[in-house]
Amino acid sequence: MEHPHKEGETAAPAAAAATTAAAADPRGASSSSGVVVQVREKKGPLRAAIPYMPFPVAVICLFLNTFVPGLGTFVSAFTVLCGARTDLPDRHICCVFWLNIAAALIQILTAIVMVGWIMSIFWGMDMVILASYKEQGIPQQL
């Protein structure tokens, strides 16, 4: 009858093997560290329609969304017509414009029960985050 190993006993040989592998590798990493895992956020159509605006415009939209739910999102819809890029490059500009208008209407209509107001603030924060990515030159696939 075999006795199960204690938790400390099974971890010791694994730690020794990792130390041996790290000593053999001149960079100090184990041989299995060459695996790269990339995680991408899957965005829905409304979220992907948020435009990459200049930073000051995004801050104004956040301010508007904070005090009048949906107003900043409504203003951001017009930046799409002015050439702001989105994460929906295969959709027509008018379609992206109407998606932003729909998001603004959802925020306005559900603001009565606080859901729209909270959504509006988060939407404005996303606008500022996307604007900072654009300003810093970080790729859009985040």
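The values are calculated or read from the model by the stated rules, or taken from the named source; none is laboratory data. These numbers were taken from a predicted model, which means no experiment stands behind them. Accessible surface is based on the protein model in full, side chains and every heavy atom, while ligands, DNA and RNA are left aside. Shrake-Rupley method; radii C 1.70, N 1.55, O 1.52, S 1.80 Å.
Rounded, prolate or oblate: which fits the range 73-142, taking a ≥ b ≥ c as square roots of the Cα gyration tensor eigenvalues, rounded meaning a/c under 1.5, else prolate when a/b beats b/c? Judged from the Cα gyration tensor, the range 73-142 comes out oblate (a/c at least 1.5, b/c at or above a/b).
Close amide H partners of Ala84, meaning residues 5 or more places away or on another chain with modelled amide H under 5 Å apart, do not exist here.
Probing with 1.4 Å while keeping every protein chain in the model, the per residue accessible area of the range 39-94 equals 58 Å². With all protein chains in place and ligands, DNA and RNA left out, the 1.4 Å accessible area ranks Leu109, Leu71, Leu81 as Leu109, Leu81, Leu71, largest first. Remark: the range 79-87, residue by residue, has Karplus-estimated 3J(HN,Hα) of 5, 5, 5, 8, x, 5, 7, 9, 8 Hz, where x stands for each Gly or Pro and the curve is 6.51 cos²θ - 1.76 cosθ + 1.60 at θ = phi - 60°. The H on the amide N of Met53, modeled in the peptide plane, is under 5 Å from the matching H of Ala131, each at least 5 residues off or on a different chain.
Per-residue accessible area (protein heavy atoms, 1.4 Å probe) orders Tyr52, Tyr133 as Tyr133, Tyr52, starting from the largest. Computed from phi, the 3J(HN,Hα) profile of the range 58-65 under the Karplus parametrisation 6.51, -1.76, 1.60 (θ = phi - 60°) reads 5, 5, 5, 5, 4, 4, 5, 5 Hz, with x in place of Gly and Pro. Using C-alpha pairs under 8 Å with a sequence gap of at least 6, the mean separation divided by the residue count of the range 42-100 gives a relative contact order of 44 percent. Solvent-accessible area assigned to carbon and sulfur over the range 24-117 amounts to 72 percent, based on a 1.4 Å probe.
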